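The values are calculated or read from the model by the stated rules, or taken from the named source; none is laboratory data. Everything quoted here is computed from the prediction, not taken from an experiment. When we count neighbours, we look across all protein chains shown, and the Cβ atoms used for this are built from the backbone with ideal geometry, even at glycine.
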Amino acid sequence: MNPCFVHSLDRETWTGNFASRRDALAAGLKAARVQNDSVGSVYVAQQVQPSAHAFGHAQMLLAEMNRRATEDLGTAAEGFVRNVPEKLVNELNGELEKVVLAWIDRHHLTLNAVEVEAISEHPVPATANVRQDRLDEVDDALGNEAPAV
């Protein structure tokens, strides 16, 4: 999956789907100019897919299996899937996660939320036009060579 960059004027509402941090900054600075000097900074971040929380359910599942078996069979099932070694619980966690994520993907139930990381703050220039060297700062900060414009 290719990285996706977004921008924000308030660090809460994220906008865009940009291929580079530089493109997100340029769009954010353009959006900031529309706000008539009321915005002091543009924030740029990498958007990441939020966790579906599909991992870590094995213990709960095993406990429920034990409860149901004991309910149906009484004391004969009391030890069923109890005291399972941690290695096996972790294995089951991994298998359950694969199944749950595949099911979510197959039925298009992906979590519809924006989660960001690697947020950078960029002051909005006082001038009406964004200078090339301002955009180059993004590349310099990331250790990238500035692309030709």
- Note on the structure: The lone condition Val6 fails out of (1) at pLDDT 95 or above; (2) within 26 Å of Leu101 (Cβ to Cβ); (3) surrounded by 13 or more Cβ atoms within 10 Å (Cβ to Cβ) is (1)
- From the residues in the stretch 17-46 that are farther than 16 Å from Pro125 by Cβ and in contact with an Asp or Glu (Cβ under 8 Å, 6 or more places away or on another chain), which one is surrounded by the fewest Cβ atoms within 10 Å (Cβ to Cβ)? Gln46
- The one condition in (1) closer than 27 Å to Val6 by Cβ; (2) surrounded by 11 or more Cβ atoms within 10 Å (Cβ to Cβ) that Ala63 fails to fulfil: (1)
- Result of the Cβ filter at 7 Å on the stretch 88-106, keeping first residues that are on the phi < 0 side of the Ramachandran plot and partners that are loosely packed, with under 14 Cβ neighbours inside 10 Å, at least 6 apart or interchain, is Val89/Gln59; Asn93/Gly56; Ile104/Thr110
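Checking the conditions here, which among Glu91, Glu64, Glu97 is touching a Phe, Trp or Tyr at 6+ places or on another chain (Cβ under 7 Å) and at pLDDT 90 or above?
One residue alone meets the criteria, Glu97.
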- Message: Would you confirm, using the coordinates I've provided, whether Ser51 is of a type in the set (Ser, Thr, Tyr), out of contact with any Phe, Trp or Tyr (no Cβ under 8 Å at 6 or more places or on another chain) and surrounded by 13 or more Cβ atoms within 10 Å (Cβ to Cβ)?
- Response: no
- Task: Could you pull out the residue among Gly56, Gly40 that is touching a residue at least 12 places away in the same chain (Cβ under 8 Å) and under 20 Å from the mean Cα position of the chain (by Cα)?
- Result: Gly56
- Query: With respect to Glu64, is the statement that it is outside the structural domain of Arg33 (by TED's automatic domain parsing) and acidic (Asp, Glu) true?
  - Reply: yes
